[in-house]
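Working notes, beginning with the structure itself.
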Amino acid sequence: MFMLPLKILALLLFFCLTFPHISSSTTTPAGGDDATVCIIGSGIGGSSVAHFLRQYSTNHHPKILIFERHAIVGGRMATVTIGGDAFEAGASILHPKNYHASNYTDLLNLTGKIPSSSESSISLGIWDGNGFVVKTLNANSNWGIVNKIVSFFNGIYLFMRYGFSLVKMEGFVDDTVNKFLKYYEGVETRPVFESVEEMLKWAGLFNLTGKSLKEELVDGVKLAPLLIKELVTVITRINYGQSVNISGLAGAVSLAGSGGGLWAVEGGNWQMAAGLINISDVELHLHEEIDSISYLGAYYELKSTKGNAYSCEVTVVATPLDELSIQFSPLVSVPMRQLQHTHATFVRGLVNPVYFGLKAVSEIPELVATIEDPHLPFTSISILKCYNETDVTYKVFSRQAMTDALLDSIFSVRKETVRINWGAYPHYKAPEKFAPFILDGKHLYYVNAFENAASTMETSAVAAENIARLILSRFFGKDSSCPSDTKRTSCSSAEALHSDM
């Protein structure tokens, strides 16, 4: 994960001041009746577990330890700084109906950032290696009315190309989103789920994990092949780095991430994790990697690469196990899963129009996306910020690392280049197999089991809330309904949350 040293120092100072009781002892004893809950991972999943444990606990106040192997919190939420400007490097966008993220933003006094009219009406080009098979108009205007007019004509252009399949696709996405909204129903009536399958079946989403997105769109929704080949493929490639052969639910979530009203947290989405940890009375261990978890009867012993050992009655794994080497004793059974790596390359400079067979930079769309073709070296190129006509910051997504030679052919000028390799999300393949939420039948929990359904900041928060309720019901024997003094926005139904936005 790339961060400038200044930001790392600032974050370390922030957490040292906020969490003065960070421990360096070799053994942390159990907490008696107020048990110790250890959470591995400080991303949106781990921080959300801590938050909901505090939110739903009235009679118990467990000691919560969070372990983060990096020097900063946030997991796959991170920013990168280019030329003094910070840009999202990991999880970037939030859907308008991501109610947990919306509540976090309000609770933590963060600011939601919604794209301006000019940013939301950017021009799109779909590149097939030889030319642009789709190319929308570029408003390039500071006048909102002009951008709306251009957006209107672009809509007509896309409708002329894809027809009513666009309407069918929107209906498919809306239906999926409406089913997902069941996870925001009041906890008084919403069950606590002990498995991912149970959780998905309750919301009516499980069947989508049993077939590919392409199968669902062809056989079920009956979309036009051209729309699937071009626009749907572009969306799944950008959002998940994969083709339309990904499983159906992940594909539907990907399509939802291309709609209107998308937003982010001003200053970086990582602030949600940092803020939740800050308000949840957590003992935070930065730059401490857990390399073994052993069940010793009454508690789990966690050992770190620093040589420290910790006793925890409850342990939560809130980071993907796929590329970690944690040793479990006894062994746990988790289905083999491959992570899809996305290479994010940030370039400050100027794209080369000759690469695309064009004469001027102004002819290149602001978002260049690609169809599914193994010979194409990148997934997308998008403009993050335009300083002037010859100085622009771009983000390039690709499945493989971008070499200097390749970048020099795509860009005529490169003032600054930053490369990040993310183990970003699972490699989806239907029918999906799910790891258990409860890894050992006792009190070892796995938030990221839900990622085989779909991987977003919000799905991690939804899974984490269920894990917190599982812990309270199974370990403390407590019904995780809202305490009377809890803020309404944290426990209310989806309808109430929506009316508050």
Could you tell me whether any residue of region 223-236 is in a helix (DSSP H, G or I), more than 20 Å from Val133 (Cα to Cα) and either touching a helix residue (DSSP H, G or I) at 6+ places or on another chain (Cβ under 8 Å) or at pLDDT 95 or above (or both)?
no
Any residue in region 94-110 that is touching a residue at least 40 places away in the same chain (Cβ under 8 Å) sitting within a Cβ distance under 9 Å of a residue that is surrounded by 23 or more Cβ atoms within 10 Å (Cβ to Cβ) and assigned to a loop (DSSP other than H, G, I, E, B)? List the pairs, counting only those 6 or more apart or interchain.
Leu94/Asn269; Leu94/Thr456; His95/Thr456; Asn98/Thr456; Ala101/Asn269
Exactly one condition in (1) at pLDDT 90 or above; (2) closer than 30 Å to Phe152 by Cα; (3) not acidic (Asp, Glu) is false for His100; which is it?
(2)
Within region 178-210, which residues are open to solvent by less than 70 Å² (accessible area, probe 1.4 Å), β-branched (Val, Ile, Thr) and either in a loop (DSSP other than H, G, I, E, B) or within 22 Å of Ala468 (Cα to Cα) (or both)?
Val187, Val192, Val196
So which residues in region 355-378 are farther than 14 Å from Val234 by Cα, aliphatic (A, V, I, L, M) and surrounded by 11 or more Cβ atoms within 10 Å (Cβ to Cβ)?
Leu358, Val361, Ile364
Close pairs (9 angstrom Cβ cut-off, 6 or more residues apart or separate chains): over 30 Å from Pro436 (Cα atoms) and among the basic types (Lys, Arg) in region 334-351, open to solvent by less than 40 Å² (accessible area, probe 1.4 Å) and outside any strand (DSSP E or B) anywhere
none
Got a sec? Which of Asp440, Asp391 is more than 28 Å from Ala273 (Cα to Cα), in contact (Cβ under 8 Å) with a residue 24 or more places away in the chain and out of contact with any His (no Cβ under 8 Å at 6 or more places or on another chain)?
Asp391
Name every residue in region 394-425 that is in contact (Cβ under 8 Å) with a residue 60 or more places away in the chain, touching a Leu at 6+ places or on another chain (Cβ under 8 Å), crowded, with 17+ Cβ neighbours inside 10 Å and within 25 Å of Met457 (Cα to Cα), in order of residue number.
Lys395, Ala424, Tyr425
Would you mention how many residues in region 406-432 are more than 23 Å from Gly84 (Cβ to Cβ) and touching a helix residue (DSSP H, G or I) at 6+ places or on another chain (Cβ under 7 Å)?
8
Would you check if there is a residue in region 215-234 being touching an Asp or Glu at 6+ places or on another chain (Cβ under 7 Å), touching a residue at least 12 places away in the same chain (Cβ under 8 Å) and farther than 29 Å from Tyr56 by Cβ?
yes
Out of the strands (runs of 3 or more DSSP E) lying entirely within region 65-177, which hold 2 or more residues that are charged (D, E, K, R), more than 30 Å from Leu302 (Cβ to Cβ) and open to solvent by 20 Å² or more (accessible area, probe 1.4 Å)?
85-88
Could you run through region 36-45 and say how many residues are assigned to a helix (DSSP H, G or I) and closer than 11 Å to Tyr445 by Cβ?
1
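The values are calculated or read from the model by the stated rules, or taken from the named source; none is laboratory data. Since the structure is predicted, the reported quantities are computational estimates derived from the model, not experimental observations. Using ideal geometry, Cβ is built from the backbone for each residue, glycine included, and neighbour counts are taken over all protein chains shown. Note: accessible area is taken over every heavy atom of the protein model, side chains too, but ligands, DNA and RNA are not part of it. Shrake-Rupley method; radii C 1.70, N 1.55, O 1.52, S 1.80 Å.
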